[in-house]
Amino acid sequence: MSLTVTSIRINVPDAPTLTPVLDRYVMGDRPAVMLYDLAEEEPWYDLTVNLDDALPEGCAFVPYDRRVYLDALIEQGYATIIGDTSYGNFGQRAYIVQLAPKLIAKEA
C-alpha cells in the first residue's frame with residue numbers, strides 16, 4: 001500500500017505546518033498516522049504508536065507527549081479521545097483515539 005497524504009493541516013507552536021500521512025501497521029492492521037512537514041518533504045513525528053492491546057475498529061494509540069498534535073486534530077473534528085492505557089516499562093501512557101474516516105488509510 002502507498003502512503004495517503006491528506007489535505008488536513010495542523011498548526012501548533014514551535015512546529016512547521018504539518019499534514020497527516022496515512023498508512024496501516026503491518027502487525028494488527030491498525031491505522032497509522034504520521035505527521036509530515038510537506039515544505040521540507042520529510043517526516044516530523046509519528047502521531048500514533050502500534051501497541052499490542054486490542055482496539056475497536058478505526059481507533060489508534062497516541063502517546064501523551066503528542067497531545068498538542070492530537071488537540072489540533074480534535075479541534076478540527078478528526079479525532080476523539082475515548083480512553084487511555086499504559087504501555088512500556090517506564091510508565092508511558094497513550095490515549096485511545098477514535099479517528100475520523102478521513103484519517104484511516106484504505107486498502108489500495
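The values are calculated or read from the model by the stated rules, or taken from the named source; none is laboratory data. Keep in mind that this is a model prediction, so the values were computed, not measured. Positions of Cβ are generated from backbone atoms using ideal geometry, with glycine treated the same way; all protein chains shown enter the neighbour counts.
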Fill in the blank from the handout: Considering segment 34-89, residues that are touching a residue at least 60 places away in the same chain (Cβ under 8 Å) and part of a loop (DSSP other than H, G, I, E, B), and then whichever is nearest to I104 (Cα to Cα), we arrive at Y78
Completion exercise
Expected single match for charged (D, E, K, R), out of contact with any helix residue (DSSP H, G or I) (no Cβ under 7 Å at 6 or more places or on another chain) and outside any loop (DSSP other than H, G, I, E, B) among D23, D29 is D23
Exercise for the section: Name, by its number, the condition in (1) part of a strand (DSSP E or B); (2) of a type in the set (A, V, I, L, M, F, W, C); (3) at pLDDT below 95 that does not hold for A94. Expected result: (3)
Practice task
Please work out which residue is farthest from the chain's Cα centre (by Cα), limiting yourself to segment 77-95 and to residues that are surrounded by 13 or more Cβ atoms within 10 Å (Cβ to Cβ), closer than 18 Å to L35 by Cα and not hydroxyl-bearing (S, T, Y).
Solution key: A94
Handout entry: Enumeration of residues in segment 1-29 that are under 21 Å from G88 (Cα atoms) and at pLDDT below 90
Key = V26, M27, G28, D29
Practice task
Would you mention how many residues in segment 32-54 are of a type outside the set (A, V, I, L, M, F, W, C), in contact with a Phe, Trp or Tyr (Cβ under 8 Å, 6 or more places away or on another chain) and closer than 22 Å to Y95 by Cα?
Solution key: 6
Problem - Residue match in segment 30-53 (condition: closer than 16 Å to P101 by Cα and surrounded by fewer than 14 Cβ atoms within 10 Å (Cβ to Cβ)) - result: no
